[in-house]
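Below you'll find the structure, written out as structure tokens, and then a few comments.
The values are calculated or read from the model by the stated rules, or taken from the named source; none is laboratory data. Since the model is a prediction, treat every value here as computed from it, not as a measurement. Note: ideal-geometry Cβ built from the backbone for every residue, glycine included; neighbour counts use all protein chains shown. Protein only, heavy atoms only, side chains kept; ligands, DNA and RNA dropped before computing areas. Shrake-Rupley method; radii C 1.70, N 1.55, O 1.52, S 1.80 Å.
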Amino acid sequence: MKINNAVIYFFGALGGLLFGYDTGVISGAILYIKKSLALTPMAEGIVVSSILVGAIIGAAVSGRLSDKYGRRINVMIAAAIFCIGAIGTALAPNTGILILFRIVLGVAVGCASALVPLYLSEMAPAKIRGALSSLNQLMIVTGILIAYIINYIFAPIEGWRWMLGLALVPGIILLIGMIFLPESPRWLLKQNRESEARKILQQLRKDVGVEEEIADIKKANSQETAGWKMIKEKWIRPALVVGIGLAVFQQVIGCNTVIYYAPTTITKVGLGDSAALLGTIGIGVLNVLVTILAVWLMDKVGRKKLLLVGSIGMAVCLFALGFLSKFGGEASGYITLACLAAYIVFFAATWGPVVWVMLGEIFPLGVRGLGIGISSVANWAANLLVSLTFPSLLAQFGNMLFIVYGIMGIISFIFVSKFVTETKGRSLEEIEMDLKKKSLVRSTKTEVKQSAI
Ligand code: BGC
């Protein structure tokens, strides 16, 4: 069956919506779960963060499995797990079962975080790969916004089971959609299934440049091993450093202290509950609007420049948040709101989408799934660390805490300037060959140095 390309990219990115919905919905739902299941503060923390633990597990297994068994089938399994998690959390009779199914949901979220960027980057043509891959982030932030809206709608009836259960709808849509989607042509070529790969590429590229692309993919992969053996090879190391570095910096620069805890921060500086709620929805809307801009910027400005601008922009907002709110009296509430909004603008235009786009681009085909999987595990582990420690650190240090995240912003700038290479406009195979070449140059330089000694 022939499917329109736009439909392929839409369903390819849809896993991101579930990622966003399931991580965003808990902020509202937890208020009523707390009452209805009589949670202790400790149990409350576990219910909220158990999804992150599951995500670490999902990210750890899905990348490797997708290198072995294909991208598509693994997205389908993730969709099925999303559905099970949604039903399980919505019907949970007690805290234990709720936590169990939050972990199950997390597994699906972790899978989606690794598989969606992988699938999109391998389907897209080089020239607009940035835009198509950042559809993933657009889905993530749309999912978060939908979750905020659903929370708002069901708040009057304290309907936390509805809030959690409604994730079943996109879960089922994703599951059905993936049945009709094609497998990644790059993965098929790695399996020597050339004629299937050719057919899919012919459709995706409307018959333009297909033979050249196949020849390039084959050339880049001619003598490769794969899996754990390959990822330990020296020439892959720079990609791993960049992958893990980007993934960790995206979190330690504090994005989820804003996304998950914006209402807490806003009420702490003296604004009321309704300002907090409005502020949260406002942040959700801003996040979506600016991400749309980022989709457009990605292939024009390039990934590296966006990351650098983002690091500085976010660091300035965080320093302002840390220093200014200390002096401001009543005005400090509005300063806080303005800083949070400006921070979100910078994050949504840069580090939010760029990190997931680049994770889909920097690893060679033989370890692409595994590499994204490892980086994604690092992302979720850093997320868990920051989100678990934020409330107690904020209670202890107040808004001065944001200065620490600001310093991380400065370090991330140095990291990007030193280690990240631009990927805009280059095919995945060119990026792979470049990695190999650079490693050759490095080892020749070392040999020359050694022989000079
Ligand atoms: C990050 C998430 C974050 C989301 C929100 C993603 O790129 O990985 O941790 O919650 O963006 O915008």
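Figures for the structure shown
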{"read-out": "From ALA348, ALA342, residue being part of a helix (DSSP H, G or I) and within 13 Å of the ligand (Cβ to nearest atom)", "value": "ALA348"}
{"read-out": "Any hit, the range 7-21, residues being surrounded by fewer than 16 Cβ atoms within 10 Å (Cβ to Cβ) and aliphatic (A, V, I, L, M)", "value": "yes"}
{"read-out": "Single match in VAL116, VAL61 (criterion: surrounded by fewer than 24 Cβ atoms within 10 Å (Cβ to Cβ) and either under 30 Å from GLU422 (Cα atoms) or modelled with pLDDT under 95 (or both))", "value": "VAL61"}
{"read-out": "Only one of LYS199, LYS219, LYS206, LYS229 that is in a loop (DSSP other than H, G, I, E, B) and among the basic types (Lys, Arg)", "value": "LYS206"}
{"read-out": "Matching residues, the range 13-55, being closer than 19 Å to LEU384 by Cβ and of a type in the set (Val, Ile, Thr)", "value": "THR23, VAL25, ILE26, ILE30, ILE46, VAL47, VAL48, ILE51, VAL53"}
{"read-out": "ILE172 vs. criteria open to solvent by less than 40 Å² (accessible area, probe 1.4 Å), under 30 Å from ILE33 (Cβ atoms) and of a type in the set (A, V, I, L, M)", "value": "no"}
{"read-out": "Evaluation of PRO93 against (1) surrounded by fewer than 18 Cβ atoms within 10 Å (Cβ to Cβ); (2) in a helix (DSSP H, G or I) (one fails), failing number", "value": "(2)"}
{"read-out": "Subset of the range 27-55 [of a type in the set (A, V, I, L, M), open to solvent by 10 Å² or more (accessible area, probe 1.4 Å) and part of a helix (DSSP H, G or I)]", "value": "ILE30, LEU31, MET42, ALA43, ILE46, VAL48, VAL53"}
{"read-out": "Residue that is farthest from the ligand (Cβ to nearest atom), among those in the range 292-304 that are open to solvent by 60 Å² or more (accessible area, probe 1.4 Å) and in contact (Cβ under 8 Å) with a residue 40 or more places away in the chain", "value": "TRP296"}
{"read-out": "Among (1) away from the ligand (no atom under 16 Å from the Cβ); (2) within 18 Å of the chain's Cα centre (by Cα); (3) surrounded by fewer than 24 Cβ atoms within 10 Å (Cβ to Cβ) - the single one ILE128 does not satisfy", "value": "(2)"}
{"read-out": "Hits in the range 206-265 - residues which are aliphatic (A, V, I, L, M), within 13 Å of the ligand (Cβ to nearest atom) and at pLDDT below 95", "value": "VAL258, ILE259, ALA262"}
{"read-out": "Matching residues, the range 221-262, being under 18 Å from ARG303 (Cα atoms) and within 13 Å of the chain's Cα centre (by Cα)", "value": "GLY243, ILE244, LEU246, ALA247, VAL248, PHE249, GLN250, GLN251"}
{"read-out": "Residue satisfying all of: in the range 409-435; open to solvent by less than 90 Å² (accessible area, probe 1.4 Å) and touching a Pro at 6+ places or on another chain (Cβ under 8 Å); nearest to ALA315 (Cα to Cα) among these", "value": "LEU435"}
{"read-out": "Answer from LEU289, LEU359, LEU365, LEU321 - the residue that is crowded, with 19+ Cβ neighbours inside 10 Å and within 13 Å of the ligand (Cβ to nearest atom)", "value": "LEU359"}
{"read-out": "Whichever residue in the range 131-158 is assigned to a loop (DSSP other than H, G, I, E, B) and modelled with pLDDT under 95 and, among such residues, is nearest to the ligand (Cβ to nearest atom)", "value": "ALA155"}
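The rows are residues; the columns are (1) at pLDDT 95 or above; (2) in contact with a strand residue (DSSP E or B) (Cβ under 7 Å, 6 or more places away or on another chain); (3) charged (D, E, K, R); (4) away from the ligand (no atom under 16 Å from the Cβ).
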{"position": "SER387", "(1), (2), (3), (4)": "no, no, no, no"}
{"position": "LEU401", "(1), (2), (3), (4)": "no, no, no, yes"}
{"position": "TYR405", "(1), (2), (3), (4)": "yes, no, no, no"}
{"position": "ILE411", "(1), (2), (3), (4)": "yes, no, no, yes"}
{"position": "LYS424", "(1), (2), (3), (4)": "yes, no, yes, yes"}
{"position": "ARG442", "(1), (2), (3), (4)": "no, no, yes, yes"}
{"position": "THR446", "(1), (2), (3), (4)": "no, no, no, yes"}
{"position": "GLN450", "(1), (2), (3), (4)": "no, no, no, yes"}
